[in-house]
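First the structure, in the form of structure tokens, and then the observations on it.
The values are calculated or read from the model by the stated rules, or taken from the named source; none is laboratory data. Bear in mind that the values here come from a model prediction, so they are computed numbers and not experimental data. No Cβ is skipped: glycine too gets one built from the backbone with ideal geometry, and neighbour counts run over all protein chains shown. Ligands, DNA and RNA are excluded from the accessible area calculation, which covers all protein heavy atoms including side chains. Shrake-Rupley method; radii C 1.70, N 1.55, O 1.52, S 1.80 Å.
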Amino acid sequence: LPRTILARAAWPKHGPGLILVLHDVTELRRLETVRRDFVANVSHELRTPVAVIQAHSETLLSGALDDPKAAQNFTRGIHRNAERLTHLIADLLDIARLEADQAQVAPRHLSARKAARDAIDALHAPDDASISLEIADELHVLADPRALDQVLINLLDNALKYLPEPGPIIVRAHTPADSDHVRFEVIDQGPGIDPRHHQRLFERFYRVDKGRATHMGGTGLGLSIVKHLISAQGGQVGYEPNLPHGSIFWFTLPAAPPATSAAR
Ligand code: ADP
């Protein structure tokens, strides 16, 4: 967008002179575009599954019910799209809540290892999934337990979702030298992500391969929720390739000294 400048001139009462008031509205313009894109995306994302549900149910009512095989196919389509809507609405509500009130995050003293263990337990990963932890017992963070749980679940869920076949996933955490933040990493050996997408991964509704992601139930909102939750807790998020293939999604959270009784 070109830089926009509003100028207003006024002549003072006594003697000639000129006052110029300059407002840089570039940022306002950008926010307005982001908001408009968001509304357009939401409408599109909500309309698509609703249209499928409507079309499938009409086909069923106008005769397909009598053909058991067709009836099953159309009903499955309705079910899949209803699930998609459920996901989408849950993610949208999360985003709306986060944007309305970031202060809802209440950081506490947590054991990093225990937090990762809890997230893995809550995942209901398939039996053949292999998720291992590389986190020292004494590592502690200042974080909101529910927010950290959601971040880890979103990242692990993606790692499982985008792996073409079950492969090892590692959750690692450590405090880099000279840092007062703990760095968590969720590492997979899946397909990885082409560098041209790295910048935009954490944007709302951004999907690398839209067809594939939608097919897998993705809404394109998971990583933007992760980013919100982490920045509300004073941390950062990022992506790095896991060479030769795979992904490393990382985030940081303020480190806390180990506390014997306060850690959950
Ligand atoms: P989605 O709901 O589509 O998974 P996300 O915001 O969680 O949305 O992720 C954005 C996109 O990033 C995904 O559509 C997918 O293309 C890509 N992605 C996320 N995690 C991984 C991963 N572990 N491996 C490969 N691609 C991934």
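Applying a threshold of 6 Å to beta carbon distances and a minimum spacing of six or more residues, or different chains, the list of pairs starting in segment 211-230 at a residue that is under 17 Å from Ile248 (Cα atoms) and modelled with pLDDT of 70 or more and ending at one that is more than 6 Å from the ligand (Cβ to nearest atom) and basic (Lys, Arg) reads Ser224/Arg204. Elements of the type strands (runs of 3 or more DSSP E) sitting completely within segment 134-223 and holding at least 2 residues that are in contact with a helix residue (DSSP H, G or I) (Cβ under 9 Å, 6 or more places away or on another chain) and within 12 Å of the ligand (Cβ to nearest atom): these cover 181-188.
Against the list (1) at pLDDT 90 or above; (2) away from the ligand (no atom under 16 Å from the Cβ); (3) over 22 Å from Leu253 (Cβ atoms), the condition Arg113 fails is (3). Please list, ordered by first then second residue, the pairs with beta carbon atoms under 7 Å, 6 or more apart or interchain, first in segment 154-166 and of a type in the set (Gly, Ala, Ser), second near the ligand (Cβ under 6 Å from one of its atoms). Within 7 Å, the pairs are Ala159/Asp188; Ala159/Gly190.
The one condition from (1) part of a helix (DSSP H, G or I); (2) buried (at least 18 other Cβ atoms within 10 Å of the Cβ) that His87 does not meet is (2). Tallying residues that are open to solvent by 10 Å² or more (accessible area, probe 1.4 Å), modelled with pLDDT of 90 or more and more than 18 Å from Gln189 (Cα to Cα) within segment 236-264 yields 6.
One residue stands out among those in segment 224-260 that are among the polar types (S, T, N, Q) and assigned to a loop (DSSP other than H, G, I, E, B): the one that is farthest from the ligand (Cβ to nearest atom), which is Thr260.
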